[in-house]
Structures are given as structure tokens and as C-alpha cells.
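Taking it in order: structure first as C-alpha cells, then the write-up.
The values are calculated or read from the model by the stated rules, or taken from the named source; none is laboratory data. If you're wondering where the values come from, they're calculated on a predicted model, not measured in any experiment. Methodologically, a virtual Cβ is constructed for each residue, glycine included, from the backbone with ideal geometry; neighbour enumeration extends over all protein chains shown.
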Amino acid sequence: MSPSTHRWSLRLAAEFGHADITPELEKIVAHSGVRSGVLTVQMLGSTGAITTIEYESGALSDLRRALETLAPVDEEYAHNARWGDGNGFSHVRSALLKTSLSLPVVDGELMLGTWQQVVAINLDNRTREREVVAVVVGS
């Protein structure tokens, strides 16, 4: 079966704007006809992320706090010195979380744990329109 590809955009708030994209991904898998395979989802850009987490305010707050500990907004970044855009922290956070994710498709369904959702996050210091691409391959 040939790959099924889907592209869409999300407008996300600055520094930790987020969206649960699990329902969209489940629709993409269902419409692909793939019964056994893999879905890969990618956020284009170097200041965003795709990850899994329980999509609830406490877990999201904890993740944001952990990112602030690992890559504080007000730290000195060589990127900021070179480009002057103040988003060095965004690039570091994106590199830590990653911009893509691959998940198994089994019996025509995306395999996620009970409390596990796929989340798109804008880590940049300004609101962004984020492009997301998902590809499902398999049989």
C-alpha cells in the first residue's frame, strides 16, 4: 500500500502553546486503510516539538517547568548573541524534545497508552503558525 500523507497547520501561542493532535492522527490512520504499520508525525521548524504526555494541565505544567530548568528563557545563548532574536532557549528545548515521533499502527489503530496523547508544542518566543506533516505506511 502506498504511503498516506497529511499536512495541516496549527496556530500556537508563544513559549509553550500546545495542542492535542491525537484525534487528528487517529483520523489519518483510519482513512489510510493501513492495518499494520507506522505513523510518523513531524513539526516543521527548529523551535517546536512533537511529544507524548498525558494531555492535562498538571502534566503540561510539569513539563514546562522541567524545560525552564533545563533551558531557562533568560540564560545566555550563543544563538541570541549571533542572531539577536532571543529564542536560543527555544532551539535547545526543541532539540531536547524533538520535532518528530513515530508510533505503531496495529489492527488499524494508533497504539497509545490509556493516558498518552500526542502533543504539538510551540517553544518559540512568539506565536507561530506551525506546519505538521503525518505519514502512515504499512499494509
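Table for the structure above
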{"quantity": "Conditions (1) outside any loop (DSSP other than H, G, I, E, B); (2) touching a residue at least 40 places away in the same chain (Cβ under 8 Å); (3) among the hydroxyl-bearing types (Ser, Thr, Tyr): number failed by Thr69", "calculated": "(2)"}
{"quantity": "Residues satisfying the stated conditions in region 112-121, i.e. under 11 Å from Leu25 (Cβ atoms) and either in contact with a Lys or Arg (Cβ under 7 Å, 6 or more places away or on another chain) or not in a strand (DSSP E or B) (or both)", "calculated": "Leu112, Ala120"}
{"quantity": "Criterion: assigned to a strand (DSSP E or B), modelled with pLDDT of 95 or more and surrounded by 12 or more Cβ atoms within 10 Å (Cβ to Cβ) - qualifying residue of His91, His18, His79", "calculated": "His18"}
{"quantity": "Region 100-139 - residue that is more than 20 Å from Ala59 (Cβ to Cβ) and under 12 Å from the mean Cα position of the chain (by Cα) and, of those, surrounded by the fewest Cβ atoms within 10 Å (Cβ to Cβ)", "calculated": "Ser102"}
{"quantity": "Number of the exception - Thr52 against (1) surrounded by 12 or more Cβ atoms within 10 Å (Cβ to Cβ); (2) polar (S, T, N, Q); (3) over 16 Å from the mean Cα position of the chain (by Cα); (4) not in a helix (DSSP H, G or I)", "calculated": "(3)"}
{"quantity": "Flag if Ala134 is under 19 Å from Ser36 (Cβ atoms), at pLDDT 95 or above, touching a helix residue (DSSP H, G or I) at 6+ places or on another chain (Cβ under 9 Å) and not polar (S, T, N, Q)", "calculated": "yes"}
